[in-house]
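Notes follow once the structure below has been shown.
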Amino acid sequence: MLSLVAQVDRHDVLKENFKEKRYTALGIIVLSNEKNIVEGVGNCEVPVIKVDKIVGFISNYKSTYSCTDEEAL
């Protein structure tokens, strides 16, 4: 099994492409098995959430990027 953190690191290249287009992207690990027990997430450099929490995570995420009304169109 591949390291989930390593997979997020590989996606950093894609995130750089997003920056060029002025999009915001955040690497997260989402566990699809609701029976998984998540321990030690405070020690992980990447946010780890269960699938049932993803909507709340996205809704509450505060991006540091802001755009003008013209850029949003």
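The values are calculated or read from the model by the stated rules, or taken from the named source; none is laboratory data. Just so it is clear, the structure is predicted and the values come from calculations on it, not from any experiment. Cβ coordinates were reconstructed from backbone atoms using ideal geometry, including for glycine residues, and neighbour counts include every protein chain displayed. Accessible surface areas use protein heavy atoms only, side chains included; no ligands, DNA or RNA. Shrake-Rupley method; radii C 1.70, N 1.55, O 1.52, S 1.80 Å.
Restricting the range 18-33 to residues that are out of contact with any Phe, Trp or Tyr (no Cβ under 8 Å at 6 or more places or on another chain) and under 14 Å from VAL8 (Cα atoms), the residue that is most open to solvent (accessible area, probe 1.4 Å) is VAL30. What is the residue count in the range 2-17 for residues that are β-branched (Val, Ile, Thr) and either loosely packed, with under 13 Cβ neighbours inside 10 Å or part of a loop (DSSP other than H, G, I, E, B) (or both)? Of the residues in that region, 1 qualify.
Is it true that some residue in the range 9-28 is in contact with a helix residue (DSSP H, G or I) (Cβ under 6 Å, 6 or more places away or on another chain) and not polar (S, T, N, Q)?
yes
When the range 34-56 is filtered for residues that are over 18 Å from VAL5 (Cα atoms), open to solvent by 60 Å² or more (accessible area, probe 1.4 Å) and assigned to a helix (DSSP H, G or I), the ones remaining, listed by number, are ASP52, LYS53, VAL55.
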